[in-house]
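Structure first, then comments.
Coordinate-derived values only; no laboratory data. On a predicted model such as this, the values are computed, not experimentally measured, just so you know. Note: ideal-geometry Cβ built from the backbone for every residue, glycine included; neighbour counts use all protein chains shown.
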Amino acid sequence: MENKLNTSKTKSQAKESRFWRRFKKNKLAIFGAAIIIFIILTAIFAPLLAPYDPAFQNYDKLLEPPSFEHPFGTDDLGRDLLSRVIYGSRYTLLVGIGVVIIVAVLGSILGFLAGYYGGKIDTIIMRMVDVMLAIPALVLALAIAGALGGGIWNVIIAIGAVGWTQFARLVRGEVLRIRESEYIQAARALGAGDFKIISKHIAPNMMAPVIVYITLYIPSAILWAASLSFLGLGVQPPYPEWGALIANGRSYISFAWWIATIPGFAIMLTVLGFNFLGDGLRDALDPKMAKNI
C-alpha cells in the first residue's frame, strides 16, 4: 500500500516538474503571470497604494495633466486618476472572476449532461446553445444588462448568461472524447456508477483545456464589462470602473488625453497578461494542443 502511495506521489511530482519546466520556458507566460500578480496585489492593497480618496473632488485641480502631485493627472471633477485606476482594478477583477464562476458552473453542468448522456438531453441543450449563438452576443448582453439595470452584479449576470454557451460546447466535446476511452468502458464494466465515472475519470482528464479556457475567458469578460460600462449599462458612477473611466474621458480626449488613455492602457495590460498566461498554461499542460492550434 505504501509503495502504491509513493509511486502515485512520484508520478504527480514528475508531472508538476514537467509542467513547470515547460511553463518557465515561455517568457511571455512568465511576464503575463507577473502582470496578473501585480494587478491582484494592487486590488488587494488599493487603500494602501492609492494616494487619495478616489471619490474626493478637488475643484482647484480640474483636468490637471500628469504631474508629481498627481502622476496620472486629474479628471473633470478634480479626482486623482491614479487612485481611481488603482481602485478600478478591484471592479475589473471582480467582474472577471464573477463571470467565470457563472460560465464555468452553468457551462460545465449543461456540457456534462449533453456529452455524457447524449440523446434527447444532448439535442435540447445543443439547440439552446445554437439559438443563443444565433443572436449577436453583444446585442444579447446589452439587452440583458438593459433589462436588469446598471450595477456590477447585473453586469456579471448579463455577461455570464451570454458566455456559458462556448464553455458548454467545450465541456461537451471533451466529455464525448473521453467517454469512449477504454478505461471508461472498463470502469463501467466493473460496475462504476455515473457519478464515480464523471468525478474520478472524466473530470480530472479534461481539466487542462478547461483551465486554459477559464484563463483566456477572463480577459474577454473584462472587455465585455468595459464595453457595457462605456455604453452606460455597466458599473455606474461614482464607482471607478475602467470602462466607465474611459467613457467619462471621451469628451475630453482632445485636450485631456490622460483621462481615457490611462484606464484604456490598464485594460490592455490586464488583458495581455491573462492572454499570455493562458497561452503558457496551454503549452505547459498539453503541448499537443498547442501544436494543433
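Can you tell me the alpha carbon radius of gyration of the stretch 122-188 divided by the globular rule-of-thumb value 2.2 N^0.38 Å? Don't skip to the end; give the middle numbers.
Details: Rg = 16.5 Å, N = 67, 2.2 N^0.38 = 10.9 Å.
Normalised by 2.2 N^0.38 Å, the Cα Rg of the stretch 122-188 equals 1.52.
Restricted to Cα atoms, the stretch 15-70 shows a radius of gyration and a Dmax of 19.0, 60 angstrom. Summing charges over neighbours of Y91, with a neighbour being any other residue whose Cβ is under 13 Å away from its Cβ, gives +1 when K and R count +1 and D and E count -1. Here the label points at T123 and N58, each 7 Å from Cα along the C-beta direction, are separated by 6.8 nm in the simple model. For the pair the stretch 53-102 / the stretch 109-182, the C-alpha centres are spaced 34 Å from each other. Sparse packing (at most 13 other Cβ atoms within 10 Å of the Cβ) combined with a DSSP loop state is found for the following chymotrypsin sites (Phe, Trp or Tyr not before Pro) in the stretch 52-138: F56, Y59, F68. Net charge of the neighbourhood of F72, taken over other residues with C-beta under 12 Å away and scored Lys/Arg +1, Asp/Glu -1, is -2.
Rounded to the nearest 10 degrees, what's the angle between the helix 119-134 long axis and the longest principal axis of the chain, both from Cα atoms, 0 to 90? That helix lies at roughly 20 degrees to the long axis.
Any chance you could run the full-extension gain for L272 through N205? It's 0.36 nm times the residue separation minus the Cα-Cα distance, nm to one decimal. Working shown, then result.
Values: separation 67, 0.36 × 67 = 24.12 nm, distance 2.78 nm.
Here the answer is 21.3 nm.
In a fully extended conformation the segment linking K196 and I40 would gain 52.6 nm over its present Cα-Cα distance, using 0.36 nm per residue.
Excluding H201 itself, what net charge comes from residues whose Cβ is under 15 Å from its Cβ, given Lys and Arg +1 and Asp and Glu -1?
Numbers: positive: R177, R179, R188, K196, K200; negative: E174, E180, E182, D194.
Counting the neighbours of H201, the net charge comes to +1.
Tell me which of F274, Q57, G111 sits at the most positive position along the dipole axis of the chain, charges placed on C-beta atoms (Lys, Arg +1; Asp, Glu -1). Farthest towards the positive end: G111.
Between Q166, Q185, Q236, the GNM of the chain built on Cα springs shorter than 10 angstrom shows Q185 fluctuating the most. Computed from backbone phi, the HN-Hα couplings of the stretch 162-179 come to 8, x, 5, 4, 5, 5, 4, 5, 4, 5, 4, x, 5, 5, 4, 5, 7, 4 Hz, rounded to whole numbers (Karplus: 6.51 cos²θ - 1.76 cosθ + 1.60, θ = phi - 60°; Gly and Pro given as x).
Remark: the stretch 64-77, residue by residue, has Karplus-estimated 3J(HN,Hα) of 7, x, x, 8, 5, 6, 10, x, 9, x, 10, 9, 6, 10 Hz, where x stands for each Gly or Pro and the curve is 6.51 cos²θ - 1.76 cosθ + 1.60 at θ = phi - 60°. Remark: the chain projects, on average over all directions, an area of 19.5 nm² (convex hull of Cα atoms).
In order along the stretch 147-159, the phi-based Karplus estimate (6.51 cos²θ - 1.76 cosθ + 1.60, θ = phi - 60°) of 3J(HN,Hα) comes to 6, 7, x, x, x, 5, 6, 5, 5, 4, 5, 4, 6 Hz; Gly and Pro are listed as x. Amide H contacts for W257 (H built 1.01 Å from N in the peptide plane; partners 5 or more residues away or on another chain; cut-off under 5 Å): none found.
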